[in-house]
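Following: one structure in C-alpha cells, then a few remarks.
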Amino acid sequence: MSTNKHAVIRYQTLDKCFRNTGKRYFIEDLLEACNASLFEFDNTTEGIRKRQLYDDVRFMESAQGWSIPIEKIKDGKRVYYRYDDSSFSINNQPLNENEAEQIKSAMLVLRRFKGLPQFEWVNELLPKLDKTFNLSNQNNEIISFDTNEFLIGAEYISDLFTAIQNQQALEVSYQSFNSTVPQEITFHPYHLKQYNNRWFVFGKNDGYDNLTNLALDRIKQIDHASISFDNSQMLDFEEYFEDIIGVTKPTEAKASKILLKATTQLAPYIKTKPIHGSQKKVEETNNSCTFSIEVIPNYELNKMLLSFGSGIEVLEPKHLRLTIKKLLESSTDIYN
C-alpha cells in the first residue's frame, strides 16, 4: 500500500479520535489507534512512531492541511488531544490549496475526453466539480487538445469499447473507400487506437487469418454476434505498434534502418518532436542534420515524409527513396 494511502488512513483516524468526547486520547492512545487502523488495511505494515504522529498533527493544524482547532489539555504531567468544537471534522472542510490544484489538473486531463462516446459523464462532472469547489478563476479555457468532435464513426467507440471489455463478437457492416456497397463482417475486437484524429479497431476478421484493422469512419452498423469470442489473434499491442508509424503493418515485414537528412530550418522541429521513438542523430553540419529511425516502411510513414516537403530527404534505403521520389513526381505532374 502506498505511503499516500497510509497518510489518509492516519488523518481519518486522528479526526475520529479528536471528535470523540467520550475518551481522552493521549499521544500513546493516538499512536495505538493509528497503527491499529493501518494494520487493518495493510497487515504487512510496521506502523508509525511518535515523530510521524507529531508531524501528522502539525500538518493537520497547518493551512496546507485543514487548520484543525485542536486543544491540548493537561492532565497531570500528561496531555490529551481533542477538538475544541466536537462538530468539526476534516471531512466537512473546504478543499485546501493543494487539493484544489490537484483537482484542477485532473479536470484539465478529463476535458480531453469531452464529446467522446462512453465519456458523456465528463460533460456533467466537470461543471459540478467546478461549481461545488469553486475551482475556476476565469471563464476562458487555458488548454486545448487536438480532437475532432465531428469525426464520423466516433459514435461506435462506446459499443466497441464495451465489446472489447466483455470479449463480445460483433457483426459489422463495413464499407471501404474502394467499395460501392457495405460488406458484412463477423469481427472479434481486441484494441482501439487513435491516429491522426481518426479511430481504428483491431481484431480478428472471420474471413482472414491475420489481424485486421477497421477504420471507424467506414463502419455503417454494429450488432452483437451470437458466436463465441475468438481471441486467437490477440497480442501485445504496445509491442505491435512499437516499430511502425500509424496503424498499417505490412504482413511479415521487418523494421529497417531509415536514414533521413533534414534542412537546418526543419531540424529543430524534428529534434523536439521525433518522428519515431527510435530516432537518433547521426551527423549535424551547418547546412543539415542527418538522423535515423528504425521502423517498418508503410503508408503512414510515406505520408509523414511527404508532409515535410523539401525540408527532408530520404537517403536510405534505396527502395524507400525511390518510392518518395515517384510520389513527389506524381504530385508535380498534376500542376503541369
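The values are calculated or read from the model by the stated rules, or taken from the named source; none is laboratory data. In this text the structure is predicted, and so the values were computed from the model without any measurement. Note that we place each Cβ from the backbone using ideal geometry, even for glycine, and neighbour counts take in every protein chain shown.
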Practice task
Identify the residue in segment 270-282 that is free of Cβ contacts under 8 Å to residues at least 12 places away in the same chain and loosely packed, with under 12 Cβ neighbours inside 10 Å and, among all such residues, is farthest from Trp199 (Cα to Cα).
Solution key: Thr272
Practice task
Determine which single condition Thr21 fails, assuming it passes every other condition in (1) surrounded by 13 or more Cβ atoms within 10 Å (Cβ to Cβ); (2) under 21 Å from Arg78 (Cβ atoms); (3) among the hydroxyl-bearing types (Ser, Thr, Tyr).
Solution key: (1)
Handout entry: segment 228-248, residues that are over 19 Å from the mean Cα position of the chain (by Cα) and loosely packed, with under 12 Cβ neighbours inside 10 Å
Key = Ser228, Ser232
Practice task
Take Gln221 and decide whether it is in contact (Cβ under 8 Å) with a residue 40 or more places away in the chain, touching a strand residue (DSSP E or B) at 6+ places or on another chain (Cβ under 9 Å) and surrounded by fewer than 16 Cβ atoms within 10 Å (Cβ to Cβ).
Solution key: yes
Practice task
Select from segment 249-259 the residues that are crowded, with 16+ Cβ neighbours inside 10 Å and within 28 Å of the chain's Cα centre (by Cα) and list them in ascending order.
Solution key: Lys249
Completion exercise
Looking across segment 283-302 at residues that are loosely packed, with under 14 Cβ neighbours inside 10 Å and free of Cβ contacts under 8 Å to residues at least 24 places away in the same chain, the single one that is nearest to Phe241 (Cα to Cα) is Glu283
Practice task
Give the residue that is nearest to the chain's Cα centre (by Cα), with candidates limited to residues of segment 26-63 that are more than 19 Å from Tyr83 (Cβ to Cβ) and in a loop (DSSP other than H, G, I, E, B).
Solution key: Asp42
Practice task
Could you check how many residues of segment 56-70 are surrounded by 13 or more Cβ atoms within 10 Å (Cβ to Cβ) and either farther than 18 Å from Leu31 by Cβ or of a type outside the set (Val, Ile, Thr) (or both)?
Solution key: 7
Exercise for the section: Scan (1) farther than 30 Å from Asn205 by Cα; (2) of a type outside the set (Gly, Ala, Ser); (3) touching a strand residue (DSSP E or B) at 6+ places or on another chain (Cβ under 7 Å) for the single condition Met234 breaks and write down its number. Expected result: (1)
Problem - Residue ID - farthest from Asp85 (Cα to Cα), chosen from residues in segment 5-25 that are part of a helix (DSSP H, G or I) and among the aromatic types (Phe, Trp, Tyr) - result: Tyr11
Handout entry: Single condition Thr285 does not satisfy, out of (1) within 23 Å of Arg198 (Cβ to Cβ); (2) modelled with pLDDT under 95; (3) not small (Gly, Ala, Ser)
Key = (1)
